[in-house]
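Let me begin by presenting the structure, written as structure tokens, before commenting on it.
The values are calculated or read from the model by the stated rules, or taken from the named source; none is laboratory data. The model shown is predicted, which means the values in this text are computed figures rather than measured ones. Note that we place each Cβ from the backbone using ideal geometry, even for glycine, and neighbour counts take in every protein chain shown.
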Amino acid sequence: MPSILETTVLSYGANGDGLVLIDDKPAYIPQAVPGDRLKLRVGDDRHIDVLDILTPSPNRVEPVCTLFGTCGGCSMQTISLPALLEWKTGLVQHALDRAGFRNLPHIEATQVPPLSRRRIDLAFQRLPGRVVLGLHRRHGDVVDMTECHVIDPALFALLDPLRDVLSSLGAVTGGGDLQINLYTSGPDILISTDATLAPTDRVKLAAFGRVHKIPRISWRSKRRPNEGYEIVAQQGPVFHAFGAVKLTPPPGGFLQASAQSETAIADAVLAALPALNRKDPIVELFAGFGTLTVPLAQKGRVLAYEGHFEAIAALRSGAVGQRIETTHRDLTRQPLIAKELAKARVVVLDPPHAGALIQMDHIARSNVEDIVYISCNPQALQKDSALLQKAGYEVLSISVIDQFLWSTEVEAVVAFTKSRKRLSRRQT
Ligand SMILES: C[S@@+](CC[C@H](N)C(=O)[O-])C[C@H]1O[C@@H](n2cnc3c(N)ncnc32)[C@H](O)[C@@H]1O
């Protein structure tokens, strides 16, 4: 027999659903906000329906987007942005706490504005008579992105024309993916389809690029992504500027999600460095095509390592004349060992979502005094930094950057040190 009950949402689970206790067992309710008093119907199979929000949490707000709840992009639009930032800050704090660190310093937290996202990964699907283009609904098909409060309006304006051109392509037989990076030179588009592009498809994409002033459109097989990409249409130079340094990133290159977060992350990294002479070696791991490498080179001599060949090649050719040495290296298969790390005055690492456990093990065994870790995943931060904690490092500073608004994702820049002198000046 289903039961009706009233309960209060206690907190969020890791995936942003509200946690309640039913018969002392945890259950998670999408869109519920900690502090909400809810009336629920609980089925025999423990399926839960929210019948009413009896008293909304003080942090509850109306979702800004009419696609909220359908589109898989934003799961956290029922909580105010300041409260969301506080929750994300707590995730980072909790991760470091669970890694064993005590007496954590004050956390600096910033949030990017809406409509600032300049990197999007979308999916498309051919339906009778049209193509839908957007994000997958949670565990489901593609939801047409007819509204978005996250992405840069320049990217949103391309979506309708993209639907038209995709629906005209013979290669779009079923579903596919689309990645757009808004580089300094303009939008850079990478399309993946199951079928190979026909010659007429290439003509259509070139015309699309000319009309919409897209410097480069590339294509790769969705079935064989490891075969790389081909440039289908190029109207002009492709470049991205880090200050005065201009580089030519590869299609699909890693770009920080917004210009504001790129600046906030780079500023936090620079502020976390120890005092350096311009010749001091900075070992930078997971450098991408140079978001942090270029600013770091203003402070010391950067030895940058990256596993994506084309990204590091772009950095190498764009950073000529800077104090930057580049190495293509897979840091999971061939991590830098303690002996190699000994040359570093400081190690800066910005690993992918899974973290860098293997590499971190070697860092923890090295004699490097200062480590700056850029994290996009608190769980990985916890595992990786636990190795530093065991090796005697302490947390010197923490910056949290919310660059994926209305999602559970959170970025953090954490400085670890063994230097008693630096720790004595730590802000608490
Ligand atoms: C979070 S991105 C950071 C890139 C850069 N620091 C930035 O801010 O633009 C992580 C980078 O790690 C690289 N990467 C992923 N796995 C790797 C591995 N096993 N070895 C070396 N680099 C890897 C990716 O290609 C990507 O450039």
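The table for this structure:
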read-out	value
Selection count, the stretch 135-164, where residues are in contact with a Ser or Thr (Cβ under 8 Å, 6 or more places away or on another chain) and outside any loop (DSSP other than H, G, I, E, B)	1
Test: residue in the stretch 375-392 that is under 15 Å from the mean Cα position of the chain (by Cα) and either acidic (Asp, Glu) or closer than 18 Å to residue 273 by Cβ (or both)	yes
Residue in the stretch 154-186 that is nearest to residue 128 (Cα to Cα), counting only those that are surrounded by 16 or more Cβ atoms within 10 Å (Cβ to Cβ) and of a type in the set (S, T, N, Q)	167
Per-region count, the stretch 219-235, residues under 15 Å from residue 205 (Cβ atoms) and surrounded by fewer than 18 Cβ atoms within 10 Å (Cβ to Cβ)	5
Among residues of the stretch 1-33, those that are touching a Gly at 6+ places or on another chain (Cβ under 9 Å), in contact (Cβ under 8 Å) with a residue 40 or more places away in the chain and of a type in the set (S, T, N, Q), counted	1
Residues that are touching a helix residue (DSSP H, G or I) at 6+ places or on another chain (Cβ under 8 Å) and either over 25 Å from residue 329 (Cβ atoms) or assigned to a helix (DSSP H, G or I) (or both), drawn from the stretch 263-279	266, 269, 270
Residues of the stretch 347-374 that turn out to be more than 24 Å from the chain's Cα centre (by Cα) and β-branched (Val, Ile, Thr), as a count	1
Cβ-Cβ under 9 Å pairs, at least 6 apart or on other chains, the stretch 280-307 side in a loop (DSSP other than H, G, I, E, B), far side within 9 Å of the ligand (Cβ to nearest atom) and among the basic types (Lys, Arg)	307/329; 307/333
Boolean, residue 380 is of a type in the set (A, V, I, L, M, F, W, C), buried (at least 20 other Cβ atoms within 10 Å of the Cβ) and in contact with a Gly (Cβ under 6 Å, 6 or more places away or on another chain)	yes
Number of the exception - residue 44 against (1) farther than 30 Å from residue 124 by Cβ; (2) of a type in the set (Asp, Glu); (3) surrounded by 17 or more Cβ atoms within 10 Å (Cβ to Cβ)	(3)
Checking residue 277 against (1) away from the ligand (no atom under 14 Å from the Cβ); (2) touching a Pro at 6+ places or on another chain (Cβ under 9 Å), the condition it does not meet	(2)
Checklist (1) under 13 Å from residue 311 (Cα atoms); (2) modelled with pLDDT of 95 or more applied to residue 252, failing item	(2)
Tally, over the stretch 309-337, of residues that are farther than 20 Å from residue 384 by Cβ and either touching a residue at least 12 places away in the same chain (Cβ under 8 Å) or part of a loop (DSSP other than H, G, I, E, B) (or both)	19
Which listed residue, of 284, 306, is near the ligand (Cβ under 7 Å from one of its atoms) and in contact with a Leu (Cβ under 8 Å, 6 or more places away or on another chain)	306
Residue identified as at positive phi, surrounded by fewer than 23 Cβ atoms within 10 Å (Cβ to Cβ) and modelled with pLDDT of 95 or more among 286, 239	286
Filtered residue count, the stretch 127-140, keeping only those that are modelled with pLDDT under 95 and surrounded by 13 or more Cβ atoms within 10 Å (Cβ to Cβ)	5
Matching entry among 109, 99, 123 (being at pLDDT 95 or above, in contact with a strand residue (DSSP E or B) (Cβ under 8 Å, 6 or more places away or on another chain) and within 27 Å of residue 394 (Cβ to Cβ))	109
Filter result (surrounded by fewer than 23 Cβ atoms within 10 Å (Cβ to Cβ) and either away from the ligand (no atom under 12 Å from the Cβ) or part of a strand (DSSP E or B) (or both)) within the stretch 247-262	248, 251, 259, 260
Count - residues of the stretch 258-309 that are more than 22 Å from the chain's Cα centre (by Cα) and closer than 24 Å to residue 229 by Cβ	0
Odd one out for residue 372 among (1) outside any strand (DSSP E or B); (2) within 13 Å of the ligand (Cβ to nearest atom)	(1)
Matching residues, the stretch 333-351, being surrounded by 14 or more Cβ atoms within 10 Å (Cβ to Cβ) and within 10 Å of the ligand (Cβ to nearest atom)	335, 348, 349, 350, 351
Failed item in (1) farther than 30 Å from residue 388 by Cβ; (2) part of a loop (DSSP other than H, G, I, E, B); (3) touching a residue at least 40 places away in the same chain (Cβ under 8 Å), with residue 54 passing the rest	(2)
